[in-house]
Amino acid sequence: MEIIKVRNYEEMSERAGEMVIDTIKQLNQPVLGLATGSTPEGLYQYLIEKHKNREVSFKHVTTFNLDEYVGLEKDDINSYNYYMNEKLFKHLDIPREQTHLPDGNALDLNEEASEYEARIKNAGNIDLQILGLGLNGHIGFNEPGTPFTSRTHIVQLDESTRQANARFFISIDEVPTQAITAGIETIMESKQIIMLVSGENKAEALARLVNGEVNENFPASILQKHDNVKIIADEAACKLI
Ligand code: F6R
């Protein structure tokens with residue numbers, strides 16, 4: 001694991017943006033794994049800016065998001081589908097059919113999970129996966145206790161995760177209780193992983209990820225076993241390492 005310490009959120013977003021653009025320029029058919037949440041917003045703004053300045057095209061890029069809530073319509077303002085369209089896709093030249101999110105409204109969610117898995121495989125697996133870090137160590141929506149051997153699956157969201165995400169909803173009651181997420185093994189098959197960590201509230205989680213034991217009770221700890229992980233973390237998040 002390589003830890004890249006940066007001053008602040010802006011620098012974290014820029015460094016990650018440069019790495020994403022390098023990958024896009026190097027590969028003929030790059031496959032990106034994307035996350036939602038607050039952490040990657042600055043990265044997405046950076047990519048949009050570079051695209052607007054005609055420095056990069058996304059026409060040849062394929063994307064797979066990590067997760068989606070179960071039970072929200074695609075155009076619900078809290079769905080990750082809506083988030084991705086608003087915060088990234090609609091500002092780029094990426095063909096919409098090359099962007100993928102799990103369908104949290106599928107009639108048969110288990111079938112959707114295995115099809116999503118197959119779509120990632122058919123695309124040749126993820127070249128570069130962007131991750132955020134959950135306060136409880138989750139990656140994607142793989143909550144503590146998820147087997148390291150998990151593939152894309154349906155999860156029951158931890159109460160702490162629902163509370164952490166309630167800031168985006170009118171009230172906690174509206175936060176879905178389930179999600180569909182790429183599994184830990186799915187994430188670990190990515191050729192390269194960049195994890196972004198910002199803010200003092202993530203310091204404890206980051207310290208446990210870097211120095212703690214590899215344990216299913218702290219899902220992100222598995223990253224210690226991946227041979228191409230870069231963690232870009234700001235000063236506040238690095239307080240305990
Ligand atoms: C989102 C995701 C989650 C977030 C994590 C951190 O697609 O997979 O694991 O990365 O919950 O969220 P933020 O960035 O909002 O602190």
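Some values worked out for this structure:
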| quantity | calculated |
| --- | --- |
| Residue in region 191-230 that is most open to solvent (accessible area, probe 1.4 Å), counting only those that are under 18 Å from Gly145 (Cα atoms) and among the β-branched types (Val, Ile, Thr) | Val214 |
| Per-region count, region 83-96, residues within 14 Å of the ligand (Cβ to nearest atom) and open to solvent by less than 30 Å² (accessible area, probe 1.4 Å) | 3 |
| Identity of the residue in region 157-190, acidic (Asp, Glu) and farther than 19 Å from Leu66 by Cα, that ends up most open to solvent (accessible area, probe 1.4 Å) | Asp173 |
| Given (1) in contact (Cβ under 8 Å) with a residue 40 or more places away in the chain; (2) crowded, with 18+ Cβ neighbours inside 10 Å; (3) farther than 26 Å from His138 by Cβ, index of the condition Ile24 fails | (1) |
| One residue from Phe89, Phe169, Phe148 being of a type in the set (Phe, Trp, Tyr) and more than 18 Å from the chain's Cα centre (by Cα) | Phe169 |
| Subset tally (residues that are among the aliphatic types (A, V, I, L, M) and surrounded by fewer than 21 Cβ atoms within 10 Å (Cβ to Cβ)) for region 122-156 | 3 |
| Residue within region 61-82 that is within 16 Å of the ligand (Cβ to nearest atom), surrounded by fewer than 20 Cβ atoms within 10 Å (Cβ to Cβ) and assigned to a helix (DSSP H, G or I) present | yes |
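Quick grid of which residues meet (1) out of contact with any His (no Cβ under 8 Å at 6 or more places or on another chain); (2) farther than 27 Å from Arg151 by Cβ; (3) of a type in the set (D, E, K, R):
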residue	(1), (2), (3)
Ile3	yes, yes, no
Val6	yes, yes, no
Tyr9	yes, yes, no
Ala35	yes, no, no
Gly42	yes, yes, no
Tyr46	yes, yes, no
Glu49	yes, yes, yes
Ser57	no, yes, no
Leu66	yes, no, no
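The values are calculated or read from the model by the stated rules, or taken from the named source; none is laboratory data. Since this is a predicted model, take the numbers as computed values, not measurements. Virtual Cβ from ideal backbone geometry, glycine too; neighbours counted across all protein chains shown. For the accessible areas, the whole protein counts, side chains as well, though only heavy atoms, and no ligand, DNA or RNA atoms are used. Shrake-Rupley method; radii C 1.70, N 1.55, O 1.52, S 1.80 Å.
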